[in-house]
Amino acid sequence: GPARAVWPPEGSPGRALFSFLFSLFSPCPFSLFSFIFSLLMGRGELVRRYEEGPRVLRAAVERVGEARLDLVPADGSWTARQVVHHVADSEMTSALRLRRLLAEEDVVIVGYPEDVWAKRLYYHGRPIANSLAAIEAARATTLEILERMSEDEWQRAGTHNELGRYTPEVWLEVYARH
């Protein structure tokens with residue numbers, strides 16, 4: 001399993017930054033923070049943030065460095081390596097969710113057990129290069145769709161088994177900060 005070292009050390013200047021960066025990418029389908037975040041942002045700003053996501057994640061991973069990818073944060077949350085693999089699976093899943101919202105009628109979107117995926121899909125030991133590439137590809141191809149959507153398409157709705165009514169607007173609010 002992952003190393004149980006604590007990094008950054010308690011009380012160090014980098015501790016708060018490290019915790020903040022990884023909280024941005026932690027498994028969280030939709031929180032009060034997401035709701036407030038989306039209210040303050042227009043659609044164009046949310047799309048811009050969605051586009052920036054892969055660069056933000058890659059920069060955070062580079063700051064962590066290869067040697068620290070497997071260090072478990074003091075709070076026991078996922079390692080940087082596990083976060084990258086989660087984000088890759090989430091991005092591929094989210095890309096399909098948007099496509100289904102646009103192409104199917106009365107679509108039902110089903111959540112997935114993130115912790116189970118982390119264990120069964122070997123998040124703890126796989127290299128991250130292909131997952132980073134998958135994140136970038138999923139976002140790039142999805143942005144091509146977002147840029148072409150009509151106002152009617154933004155209002156299409158399905159049902160998410162955990163969130164209820166689910167539209168491309170809600171989808172964007174979730175993934176602009178994921």
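The values are calculated or read from the model by the stated rules, or taken from the named source; none is laboratory data. Keep in mind that this is a model prediction, so the values were computed, not measured. Cβ coordinates were reconstructed from backbone atoms using ideal geometry, including for glycine residues, and neighbour counts include every protein chain displayed. Protein only, heavy atoms only, side chains kept; ligands, DNA and RNA dropped before computing areas. Shrake-Rupley method; radii C 1.70, N 1.55, O 1.52, S 1.80 Å.
Restricting R99, R63 to those that are within 27 Å of E147 (Cα to Cα), outside any loop (DSSP other than H, G, I, E, B) and not hydrophobic (A, V, I, L, M, F, W, C) reduces the list to R99. Would you be able to say whether some residue in segment 152-159 is within 17 Å of the chain's Cα centre (by Cα) and either surrounded by 12 or more Cβ atoms within 10 Å (Cβ to Cβ) or of a type outside the set (G, A, S) (or both)? No, because not a single residue in segment 152-159 is within 17 Å of the chain's Cα centre (by Cα) and either surrounded by 12 or more Cβ atoms within 10 Å (Cβ to Cβ) or of a type outside the set (G, A, S) (or both).
In segment 30-40 there is no residue matching the filter, namely being over 21 Å from W171 (Cβ atoms), open to solvent by less than 70 Å² (accessible area, probe 1.4 Å), at pLDDT below 95 and part of a helix (DSSP H, G or I). Restricting the first member to segment 102-115 and to residues that are over 19 Å from Y175 (Cβ atoms), and the second to residues that are surrounded by 12 or more Cβ atoms within 10 Å (Cβ to Cβ), the beta-carbon pairs closer than 7 Å and six or more apart or on different chains are D106/G158. Each residue in segment 66-94 was checked for being open to solvent by 10 Å² or more (accessible area, probe 1.4 Å) and under 28 Å from W171 (Cβ atoms), and 7 of them qualify.
Considering segment 139-151, and only residues there that are closer than 13 Å to R43 by Cα and acidic (D, E), the residue that is least open to solvent (accessible area, probe 1.4 Å) turns out to be E151.
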